[in-house]
Structure formats: C-alpha cells, structure tokens
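The values are calculated or read from the model by the stated rules, or taken from the named source; none is laboratory data. Treat the numbers as computed from the prediction; the structure is a model and nothing was measured. Methodologically, a virtual Cβ is constructed for each residue, glycine included, from the backbone with ideal geometry; neighbour enumeration extends over all protein chains shown. Each accessible area value is taken on the protein alone, full model and side chains, heavy atoms only, with ligands, DNA and RNA left out. Shrake-Rupley method; radii C 1.70, N 1.55, O 1.52, S 1.80 Å.
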Amino acid sequence: MRSSDSITNSGKTAEQVYLEAAQKRKKRFAGRITILIIIEVLLAAGFFFYNFRYDFTGRLLRVLSGAATGQVRVQKGFYSGDTDFGHFDGEGVFQYSTGEVYSGSWKDNKIHGQGTLQIPGEGQYTGEFQNGVKQGRGIFSWEDGSVYDGEWKNDQMDGEGEYRSSEGSIWKGIFKANQLYQGSCSFENETGSYSLEYSDGKIEHATISFADGTVYDGTCGLQAIEGTGSMRFPNEDQYTGSFENGKREKTGTYIWANGDSYEGTWENDTMNGDGTYIFSNGSVLKGTFDHNRFTDGTYRVENDYGEYTFTVAGGTPTRAAITLTDGSTYDGGMDANGFRGEAQIRYSNGDQYSGNMLFGKKAGQGKYIWANGASYDGAWAEDKMDGRGTYIYPDYEVGYKLVGSFSNGYPNGDCDYYVDQNTHYQTTWSEGVCVKVSE
C-alpha cells in the first residue's frame, strides 16, 4: 500500500485532494468579493441619497467657507452669521447680489422670525417673517415717506394695520392683499378734506368738506361721488338723492336757500324728466322738465285773488282752470297771450259765458247768459256782441227776442223784433236805438 492511500483514506491520491480543496477556496473567495461589492454599492447609494437629501456637500462647503472668511457665499449673495452645519440658522445678515440686505433670524436657510429687510429704491421692512416671506406683525417704511404698521401675510399687507402715505392719507382697519377691506381712510388735498368708511373692500360712506365750503355726506366711488347722499352748498342750498360721477343723476330733492324746492329726476346736474317744483310762495310746477326748463304738465298758483291751474304743453300754457275769491271761474283754453279757444266762464254776479276766447276776450261764436235771464247767442269781437246774433229779452222787459245784426255791443242795422214766438217786425237799429219799424 502506498502512503498516499493511507493518508486520504478515500482511494484518492494526495494530488487530487489538493486540487479539489484549491477549487473550493476559489469559490469561497469569489462569493466574499461579490458580497463586498454589493455592500459598497449600497453604501454609495445611501451616501448619494443622504448627500442629495441633506445637501451634505454644500453644507460642508458653507461650513468651511464660513470658518475661513466669516462669510458664506452663495449664488444670490453673501451671508454672515449663525449656521448649523452649513444651514443659515439663528441670527445673521444676508447681502443679496441685487442690493437688498436682510438682518435678523434664520431657520433652515430661510428668513424666519424677527428681522429687517432693506430694499434699495423702495424702503425698509422691520418685523416678522415666516419661511422667507413677510408674515406676522411688521412695519414697512417706503422711501417716499409712506409707512404701514400692521399685520402681513405672504408678503402682503393683510390683517389689522394702519397705512400713512407721504401725502398724509391715513388708511386704518383690516387689510386684504394690500387693499383696505374694512376700516377708514382720511386725507386732505387741494380739493378738500375727506373721511371714508370701507366695508368689504368698497367705500361704504364718505364725509367730504370741499375747499369751496360744500359738504357731502353719503356713499362714494373710488374716483368720484357715486350712489346716494346729501350735499350742502356754501349758499345754503342743499341736495339729497342720487349721484353719478360726482353729478346729480336719477332721482333727488334740491332745496334752494330761498325756499324753492324740486323733487324728481336729474341728469348731469340739471332737472330733467318727471318732477315737482314748489316755489316758496306755494306755487307748484308738476310734470316734465327738460334741462331745468318746465315743458309739460300743470302749473298751480294760489294767491290772494284765487286759485289757478294751468296746463302746459311744449313749454306753453294751453288751458286754465281758475277760481277767484269773488266766486268767478274760468275753465278753458289759453296760450302765451292769454285766454284763447273754447271756454266756460262764470262771473261773480251770476252771469255766464260759453264760447270762444281770443287774447283774453270774448271773440267768435259764443253765448252769454245774464243773471236777470237775458241772453245773447252769436258773434263776438273784443268782448262785445258783434255780428249776427240772437238776443233774448228778460221776462220783465217788453218783447221776446231780437234777431239780426249787432255791433260794438248793441243792435245795429236790420233786425227781426219778436213780440212773442209768433209775432215779429222788421226793424232798423242804430247804436242800440230802434229807428224804424216795418209791418
């Protein structure tokens, strides 16, 4: 037996055993190498993720830069102050490359807390910040002298505060997105003194004292008086009603210092449309106005002599209804020259006239009835019987009627004289005197 056979006790030669053992060692070494490679890859990926997530390299560089120079330089400017392993955290100053300078609190590389921001060409803010924006309480002072002291949100005036402009305007109350939402505004300029009340972002009420002494109290727009209100003028006139673009529009009431008043429709500061004008003496214009001129409606007057109601069309009186204190009445047509057209007249002594009028006198055809029962129905001129007509005698006179020609208020010329309804004579008259009788 060979010695090698006794050593392996497997029937293999020593050379074969060695080769098998060497092969196994190679396999174990390759497996270990693979595991190491996997571990290194995982470590590299983890380090990359950590570096990406937490800016490890950048923070390290900022730490080294701050330690070396006292400042940290980034793309937007220079920082000097407290850091937390490269993060701006604590108190510090940042000088932006655009010229702005911030001095105050930082947190995780963002302006956060109390601080001051200076903006060249605009102004300075001192107050609270959150996550890099003005938020909380703070004061912004503009270079033109304007100042806002109040609450901020997302870099805008938002919340309770007060804004004072360089011209002296004061805005006080609740702000939203840089606009006054609820509160008051007061200011003065060359036109007057203004006090405005805001609600829901709009002017709800205004009190204005103009430089000329006019005072307004009511609603208002951003550019001019709008809505409804009252205005008192230096001469003590006053207006209450609607306004558009600073002028009287739509409906309103104007009261003059002398006691006259107008209530109705307005357009461009003039009476225009339907309305009622009342004079201080009680006279009334009611109807339609055209730029301060009364055109259509009624004009009613009452004085010591009686009551008068005139109908007006196109600016000219067309009819009158009059009742005098002595009992006389007139109801009929008229024009600018006086009574004209058909009319009904009752006189204080009981006489009556129904007929045509011209220049305030009886003219044309008409009928006059005297209180004593006499009557005349015929032609008239210059308030007198003139032309063909019929005169009825009163009961107490001899005769029944006279039919014929009249002139200047008397029978004149040929007339038929009726003794009764069936008996009559042909007569000739001269100025009211019968000069001839024919059978």
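Things worth noting here:
- Surface analysis of region 219-345 yields an accessible area of 54 Å² per residue, using protein heavy atoms and a 1.4 Å probe.
- Accessible carbon and sulfur surface of region 317-380 relative to its total accessible area, %, 1.4 Å: 50 percent
- Here's how it looks for G413: its modeled amide H is under 5 Å from those of W429, S430, E431, which are all 5 or more places away or on a different chain.
- Rolling a 1.4 angstrom probe over region 178-223 with all protein chains present gives an accessible area of which 47% lies on carbon and sulfur atoms.
- Calculated FRET value between Y305 and D335, using beta carbons and R₀ = 22 Å, to 0.05: 0.55
- Label separation (S348 vs T116): 9.5 nm, computed from points 7 Å beyond Cα along the C-beta direction.
- Separation between Cα centres of region 132-156 and region 309-376, rounded to whole Å: 81 Å
- A Förster radius of 25 Å combined with the Cβ-Cβ distance from N154 to Y181 puts the calculated FRET efficiency at roughly 0.95.
- 30 Å Cα-Cα threshold exceeded, pairs from K107/K153; K172/K250; K153/K202; K110/K176: K172/K250
- The GluC sites (Glu not before Pro) found in region 220-270 that occupy coil by DSSP, while having at most 15 further C-beta atoms within 10 Å, are E236.
- If R0 is 41 Å, the Cβ-Cβ spacing of D82 and D217 corresponds to a FRET efficiency of close to 0.10.
- With all protein chains in place and ligands, DNA and RNA left out, the 1.4 Å accessible area ranks K110, K76 as K76, K110, largest first.
- Rolling a 1.4 Å probe over the heavy atoms of the protein chains gives region 377-439 an accessible area of 63 Å² per residue.
- Reciprocal of mean inverse Cα separation for region 316-439 (Kirkwood radius, Å): 15.4 Å
- Structural descriptor for region 124-261: relative contact order 10 percent, calculated from alpha carbon pairs under 8 angstrom and at least 6 residues apart.
- Between the amide H of F129 and those of G113, Q114, G115, Q135, distances stay under 5 Å, these residues lying 5 or more places away or on another chain, with hydrogens modeled in the peptide plane.
- Percent accessible area from carbon and sulfur atoms, region 77-148, protein chains only, probe 1.4 Å: 46 percent
- Stretching the chain fully between E244 and E190 yields a gain of 17.3 nm (0.36 nm per residue, less the alpha carbon separation).
- Restricting the calculation to Cα atoms, region 300-387 shows an Rg/Rh of 0.99 when the hydrodynamic-style radius is the Kirkwood one.
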